[in-house]
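S.K.: Before we start, here is the structure in question, set down as structure tokens.
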Amino acid sequence: MDLLTKQYFESWMQKVMEQLGKQNELLLSMQTQKKEAPLSEGMRLFDNQDMCVLLQISKRTLQRYRSIGALSYKTLGKKTYYSEADVLNFLSEHVKDFQQNDIAFYKARIHNLFNK
């Protein structure tokens, strides 16, 4: 009986090890399929409402900036977010869309919001 128990145990352990190997391969393949770099924990993000208030624009205008690729964004679930770096980059590249003295005002608002 000891021999049967030992063989049964070894057979069972072999199956468990095979399953663990498959799970490991699956996890590794999922990690390599990530398309975007993960957001850092310290990164603060604006949502659509924040951006509309901050830039004093409508939701439609904000959507237009996203659609033409002028404003970089990230989606988490069903919500859209904008990093401080993306917003500052957008402002510096699209100065002609805003009055020059407004740029400093917007940058100061962003800086104040993130340094609360």
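The values are calculated or read from the model by the stated rules, or taken from the named source; none is laboratory data. Nothing here was measured: the structure is a model prediction, and the numbers come from that model. No Cβ is skipped: glycine too gets one built from the backbone with ideal geometry, and neighbour counts run over all protein chains shown.
S.K.: Tell me, please, whether a residue that is at pLDDT 80 or above, surrounded by 10 or more Cβ atoms within 10 Å (Cβ to Cβ) and more than 17 Å from the chain's Cα centre (by Cα) can be found in the stretch 41-49.
M.R.: As a first pass, look at the stretch 41-49 and keep what is at pLDDT 80 or above: 45-49.
Narrowing further to those that are surrounded by 10 or more Cβ atoms within 10 Å (Cβ to Cβ): 45-49.
Cutting the leftovers down to more than 17 Å from the chain's Cα centre (by Cα) gives us 49.
Yes, because at least one residue in the stretch 41-49 is at pLDDT 80 or above, surrounded by 10 or more Cβ atoms within 10 Å (Cβ to Cβ) and more than 17 Å from the chain's Cα centre (by Cα).
S.K.: Can you find even one residue in the stretch 6-23 that is under 26 Å from the mean Cα position of the chain (by Cα) and modelled with pLDDT under 85? Steps first, please.
M.R.: Here is the first cut: in the stretch 6-23, the ones under 26 Å from the mean Cα position of the chain (by Cα) are 23.
From what's left, modelled with pLDDT under 85: 23.
Yes, some residue in the stretch 6-23 is under 26 Å from the mean Cα position of the chain (by Cα) and modelled with pLDDT under 85.
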